[in-house]
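Asker: Right, I'll just put the structure down here and ask away after.
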Amino acid sequence: MERGLGDSHMYTTSDFRRGLRIEYEGQPYSISDFQHHKPGKGAAIVRTKLKNLITGRTIDPTFRSGDKVGRPDLDEREVQFLYSDGTTYHFMDPASYEQWEIPGDILGEATQFLVDNMMCSILFYQGKAINIDLPNHVVLEVKTCDPAVRGDTVQGATKPATLQTGLVVHVPLFTNEGDMVKVDTRTGEYLERA
């Protein structure tokens, strides 16, 4: 059987794998999880967990074996963060020098980890920026925190510290203003002194 011309822009349930990006009901999604089920009689089904790449919401649609879904018009680019003017974040492709301005509300919590000249990747859907992919950790400067108290050696004790981006994390008691700390961008937690 020959594939139709339009089929090259489609996936079937046999293509499903974790991380695959599909278009479902006019929106781009990433497959978080899927399971093939073969009931006693009737066609096999595929249960999925899909994460919306624009809103971040998760849905759980079920597909019949062989169902087709679209390939989203996605483009991922490695970019360099230049600066923020408070509400808009400015990025540049270091190869082509093409620049993009992305509103902070699209970037969400990622703005708490952006530092000048940082490399990251931006996901574009139909030419519009919809998501940012940060490195797993970033090094940030401690701007304000309580001073270390001599003799305070409670194992595992922490104190809040405000970092250069405004992010507040719990750091060990020995941490001081001006220290550089490594923070996990996925959890927002302190990892180690940098």
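The values are calculated or read from the model by the stated rules, or taken from the named source; none is laboratory data. None of the values given here were measured: they were computed from a predicted structure. FYI the Cβ positions are ideal-geometry reconstructions off the backbone, even for glycines, and counts take in every protein chain you see. Protein only, heavy atoms only, side chains kept; ligands, DNA and RNA dropped before computing areas. Shrake-Rupley method; radii C 1.70, N 1.55, O 1.52, S 1.80 Å.
Asker: Would you tally the residues in region 83-110 being open to solvent by less than 50 Å² (accessible area, probe 1.4 Å), more than 21 Å from residue 137 (Cβ to Cβ) and either among the aliphatic types (A, V, I, L, M) or in a strand (DSSP E or B) (or both)?
Answerer: 5
Asker: Take the residues of region 25-48 that are charged (D, E, K, R) and open to solvent by 90 Å² or more (accessible area, probe 1.4 Å): which is nearest to residue 76 (Cα to Cα)?
Answerer: Across region 25-48, the extreme among qualifying residues is 25.
Asker: Does region 112-120 contain at least one residue that is within 19 Å of residue 29 (Cα to Cα), open to solvent by 20 Å² or more (accessible area, probe 1.4 Å) and not charged (D, E, K, R)?
Answerer: no
Asker: Further question on the same structure: Hey, among 143, 159, which residue is open to solvent by 30 Å² or more (accessible area, probe 1.4 Å), among the basic types (Lys, Arg), in a strand (DSSP E or B) and more than 30 Å from residue 27 (Cα to Cα)?
Answerer: Answer to the selection: 143.
Asker: Only one of these conditions is not met by residue 136: (1) open to solvent by less than 70 Å² (accessible area, probe 1.4 Å); (2) of a type in the set (S, T, N, Q); (3) under 22 Å from residue 19 (Cα atoms). Which number is it?
Answerer: Against the list (1) open to solvent by less than 70 Å² (accessible area, probe 1.4 Å); (2) of a type in the set (S, T, N, Q); (3) under 22 Å from residue 19 (Cα atoms), residue 136 comes up short only on (1).
Asker: Right, here's the next one. Report those strands (runs of 3 or more DSSP E) wholly inside region 1-68 carrying at least 2 residues which are within 29 Å of residue 132 (Cβ to Cβ), touching a strand residue (DSSP E or B) at 6+ places or on another chain (Cβ under 7 Å) and at pLDDT 90 or above.
Answerer: In region 1-68, the matching strands (runs of 3 or more DSSP E) lie at 10-12, 21-24, 27-37, 45-52.
Asker: Would you say residue 124 is within 25 Å of residue 182 (Cβ to Cβ), within 18 Å of the chain's Cα centre (by Cα) and open to solvent by less than 20 Å² (accessible area, probe 1.4 Å)?
Answerer: no
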